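Input: a single structure, listed below in structure tokens.
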Amino acid sequence: MPFLEWIRERLRGGSPPVSTEETATPSPAEDLISTFSVDVGHGSFDELHLNVTGSIHMANAEKARKELLAAIDAEPLKNVVLDLTGVDYFDSSGVAILLELRRECSRRGNLLNLVNVGDRVQGLMSLADLEGPSREAILEPRPLPNLLVQIGDGVLKVHATARDSVTFIGAVITGLWRDLQRPGRLKWDPVWKLIERSGSDAVPIVSLLSFLMGAILAYQSANQLRKFGATLFVADLVSISICLEMGPLLTALIVAGRSGASYAAHIGTMQVTEEIDALKVMAMDPVRYLVSPRVLALAVVTPFLTLFADMLGIIGGLAVAVLSLDVTSTQYINQVAKVLEVDDILKGLCKSLAFGIEIAIVGCLRGFQVRGGAESVGAATTSAVVTSIFVIVITDAVFAVLFHYFRLV
């Protein structure tokens with residue numbers, strides 16, 4: 001019909017008239033559907049022969065699938081031989097039908113053999129995996145590799161971790177040395193902000209835990225010292241234990257949980273969002289830009305937090321001694337001044353300095369090792385805290401051995 005008449009009919013609200021010629025002409029899809037047929041034949045007693053002729057395409061794919069599956073269902077115990085001699089056209093829908101036939105025969109324990117496959121059909125079939133995608137049940141655990149493979153994987157992971165750690169520590173030392181040679185080139189604004197976040201923001205939790213730790217040590221030791229009438233020596237035990245061991249260790253654990261995890265999450269997120277790559281493109285060293293300020297911040301903050309923890313721990317022991325052990329505050333303070341030496345405090349500060357540097361390096365290293373998305377960032381944060389605690393304990397043991405032998409010498 002003319003285009004203008006069609007527009008007028010649409011404006012009037014009616015439906016456009018359909019000519020009889022248009023309704024009488026069959027659609028191309030109906031014409032293509034009729035070009036497919038399946039002939040069922042029988043070869044040997046255990047084989048079902050299916051001769052396919054015509055075309056297999058999107059228009060008749062459903063019809064072809066139903067006929068082929070119906071022929072297979074009629075002879076469920078026989079292997080299927082599919083003869084494609086008469087196939088003159090074949091597209092991706094035919095490949096999908098063959099995949100379904102292969103899975104159906106495999107489910108029944110039968111074989112599907114394709115014979116007389118033309119070059120055109122063979123070329124299209126070569127692009128598809130007729131074996132079908134492997135499916136693994138969700139609830140079935142994956143088989144574990146044997147013990148030798150697990151040991152080998154563990155050794156490779158340890159080697160890779162050690163190599164990355166040594167390389168990263170070398171890069172950090174080089175960057176710090178250059179920054180210390182030229183302090184004016186160091187970005188001091190981020191350093192002061194990091195000192196504030198890692199230092200002053202951690203004072204409340206360090207104060208509370210250190211006070212409670214001193215009180216706990218006083219209560220635990222008083223039960224034994226009271227038997228000998230030596231409750232005054234609670235001051236000795238609390239002051240030396242806090243300043244030499246518990247203060248630095250407790251402070252390092254708090255800093256690892258707060259700042260170490262924060263560094264790993266921050267740098268890990270930058271790694272995921274490709275901000276680290278952007279820094280490299282701008283000719284900026286990510287280690288000097290991100291790691292050096294954090295190492296300097298924790299190297300400065302951790303000793304001061306340790307001094308604060310020592311003071312609060314001794315005060316906690318004082319509170320318990322005065323309230324529960326009939327020891328006056330003057331006696332307690334005089335005993336602490338008599339027993340506690342400056343050397344004990346300096347040893348604790350040396351430990352805390354090493355702990356702070358290690359926590360910063362471990363947190364930044366785990367952040368740079370992030371690969372993937374949010375799950376990898378979470379795993380890196382957890383690994384940073386766990387690794388920091390492990391390194392802190394190992395370092396504390398090394399310091400204990402060194403202080404023991406130096407004292408003997």
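Points worth noting:
- Contacts under 9 angstrom Cβ, first residue in region 143-169 being farther than 18 Å from Ala380 by Cβ and outside the structural domain of Val291 (by TED's automatic domain parsing), partner surrounded by 11 or more Cβ atoms within 10 Å (Cβ to Cβ) and acidic (Asp, Glu), 6 or more apart: Pro145/Asp153
- Candidates Arg258, Arg288, filtered to the one that is among the charged types (D, E, K, R) and buried (at least 19 other Cβ atoms within 10 Å of the Cβ): Arg288
- Residue count, region 62-86 (criterion: in a helix (DSSP H, G or I) and either surrounded by fewer than 14 Cβ atoms within 10 Å (Cβ to Cβ) or hydroxyl-bearing (Ser, Thr, Tyr) (or both)): 5
- Cβ-Cβ contacts under 7 Å between residues 6 or more apart (or on different chains), taken from a first residue in region 57-71 that is at negative phi and among the small types (Gly, Ala, Ser) to a second residue that is loosely packed, with under 14 Cβ neighbours inside 10 Å and in a helix (DSSP H, G or I), are listed as Ala59/Ala29.
- At least 1 residues being assigned by TED's automatic domain parsing to the domain that holds Ile216 and within 28 Å of the chain's Cα centre (by Cα) is the threshold, and among the helices (runs of 4 or more DSSP H) wholly inside region 296-409 those reaching it are 342-368, 374-408.
- Test: residue in region 40-55 that is part of a helix (DSSP H, G or I), more than 27 Å from Val95 (Cα to Cα) and at pLDDT below 75: no
- Residue list for region 384-409, restricted to those being at pLDDT below 90 and either of a type in the set (Asp, Glu) or surrounded by 15 or more Cβ atoms within 10 Å (Cβ to Cβ) (or both): Phe403
The values are calculated or read from the model by the stated rules, or taken from the named source; none is laboratory data. Keep in mind it's a predicted model, so treat the numbers as computed, not measured. Cβ coordinates were reconstructed from backbone atoms using ideal geometry, including for glycine residues, and neighbour counts include every protein chain displayed.
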